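The structure appears below as structure tokens.
Laboratory data are not the source of any read-out in this text; all were calculated from the coordinates shown. From a predicted model like this one, the values you see are computed outputs, not experimental measurements. Positions of Cβ are generated from backbone atoms using ideal geometry, with glycine treated the same way; all protein chains shown enter the neighbour counts.
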Amino acid sequence: MLPKLNVVPFVSVDSMMKLVHAVGVERFLVELAGFIEADFKRWESFDKTPRVASHSAEGVIELMPTSDGEVYGFKYVNGHPKNTKEGRQTVTAFGVLADVGTGYPVLLTEMTILTALRTASTSALAAKYLAPKGARTMAIIGNGAQSEFQALAFKALLGVDRLRLHDIDASASRRCAGNLTGFGFDVTICDTVEDVVLGADIVTTVTADKQNATILTDNMVGPGIHINAVGGDCPGKTELHADILRRSGIFVEYPPQTRIEGEIQQLPADYPVTELWQVMTGAAEGRANNRQITLFDSVGFAIEDFSALRYVREQLARTGLYEELDLLADPDEPRDLFGMLLRAQQPAAA
């Protein structure tokens, strides 16, 4: 049973972790992917806008809103690559769902963990439509906070069970491999980018530096590979050489946002791309043949967060993993807000 209307369910970090374990991490990723896919298939019913970003030399703070006309959702999220050196997360987030009819929030939740889960679920969901059939080997370049989530999502949705890992910090690769012990992966740690992509069916790039970089060059990418480009997600931050883009079939979430933030910011503004929701509905073709290079230029979009918030809210009544947050002023007489304030005054001491 959920709280009264004037009390908002709040999912803390501790509750989110307990919720993931109660569901099971791989099942959580699969079920979340199902919610994302369902919302992508009704893409046209959503309000859509590029996220509202406030950039600084240190990073970016963003708001990501959307609504399907009945429920409104937004996420607050930052991206500060320097935080890692200070013992902090590069990305932190929280999110809200609200009832459009009343404007009342119906959920407040942490989204640092949830964003990692939804990003991985979206990546694997895109690969379900775009990766070569029977793909089992994935290279992950950049073994930071997102890497294990990506690996588990691709295993749960596609059956990927061979991983090749590379990071400029070898200890990050060792940590990733250690965290994935017992999950059924054959893991190889590679010293170079050239080595890590050898034999890979899928290449995931998920590095964090806030700058244009060339993690992959054209000569490293053979025919038939699916590239899951996750790390480029703001202006001036890319991971792939532009020549790779010109050889690939490019698939995106929301073009007005991706052209600003994604790999395709390197290309002309009218360069042809395919929207992922159209592939899911059958309105556009996904992978054309087994030699095509497919590229999911992932930047993250608000509808994915909306799906994640919907999924978490549906788990609350069953699990009870939330707290009741006294967030909404709710006087007995709606017009007497000041009277409620007066009645809350403590009696003077005798």
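Just name one of A153, L337, T115: the one whose Cα is farthest towards the positive end of the charge dipole of the chain (beta-carbon charges, Lys/Arg +1, Asp/Glu -1). Going by the charge dipole, the pick is A153. Please tell me which of these pairs span more than 32 angstrom C-alpha to C-alpha: K18/K75; K82/K133; K75/K155? Listed pairs above 32 Å: K82/K133. Couplings 3J(HN,Hα) of segment 314-323, computed from phi: 5, 7, 5, 4, 6, 9, x, 8, 7, 10 Hz, in residue order, whole Hz [Karplus 6.51 cos²θ - 1.76 cosθ + 1.60, θ = phi - 60°; x for Gly and Pro]. Karplus-based coupling profile of segment 103-111, in residue order and whole Hz: x, 6, x, 10, 6, 10, 8, 4, 9, with θ = phi - 60° in 6.51 cos²θ - 1.76 cosθ + 1.60 and x standing for Gly or Pro. Residue by residue, segment 244-258 carries 3J(HN,Hα) couplings of 5, 4, 5, 8, 10, x, 9, 10, 9, 7, 10, x, x, 7, 5 Hz when phi is fed to the Karplus relation 6.51 cos²θ - 1.76 cosθ + 1.60 (θ = phi - 60°); x denotes Gly or Pro. Averaging the sequence gap over all C-alpha pairs within less than 8 Å and six or more residues apart, then dividing by the number of residues, gives the chain a relative contact order of 21 percent. Look at the dipole of segment 122-300 built from charges on Cβ: of Y129, T294, I264, the Cα furthest out on the positive end belongs to Y129. Across segment 86-108, the residues whose backbone nitrogen lies under 15 Å from the label position 7 Å along the beta-carbon direction of M340 are 103-105. Across every pair of non-identical alpha carbons in segment 1-86, the mean reciprocal distance, once inverted, gives a Kirkwood radius of 16.2 Å.
Per residue, the convex hull spanned by the alpha carbons of segment 122-300 comes to 99 Å³.
Its residue count N fixes a reference of 2.2 N^0.38 Å for segment 165-213, and the Cα radius of gyration divided by that reference is 1.21. Going by neighbour counts of Cβ atoms within 10 Å, the residues V106, V230 line up, fewest first, as V106, V230. In percent, rounded to a whole number, the relative contact order of segment 122-300 is 23, using alpha-carbon pairs under 8 Å and six or more apart.
A simple charge model with +1 on the Cβ of Lys and Arg, -1 on the Cβ of Asp and Glu and nothing else charged puts the dipole of the chain at about 600 debye relative to its Cα centre.
Charge tally around Q292: other residues with Cβ under 14 Å, Lys/Arg +1 each, Asp/Glu -1 each, net +3. Computed on segment 53-186, the Cα convex hull volume stands at 143 Å³ per residue.
Working ranking of peptides 290-297, 177-184, 313-320 by packing, defined as the average number of other Cβ atoms within 10 Å per residue, highest first, is 290-297, 313-320, 177-184.
Net charge within 12 Å of I244 by Cβ-Cβ distance, Lys/Arg positive one each and Asp/Glu negative one each, not counting I244 itself? Surrounding charge for I244 is -3.
Value of Rg to Rh for the chain, rounded to two decimals, is 1.02; Kirkwood radius and Rg both from alpha-carbon coordinates.
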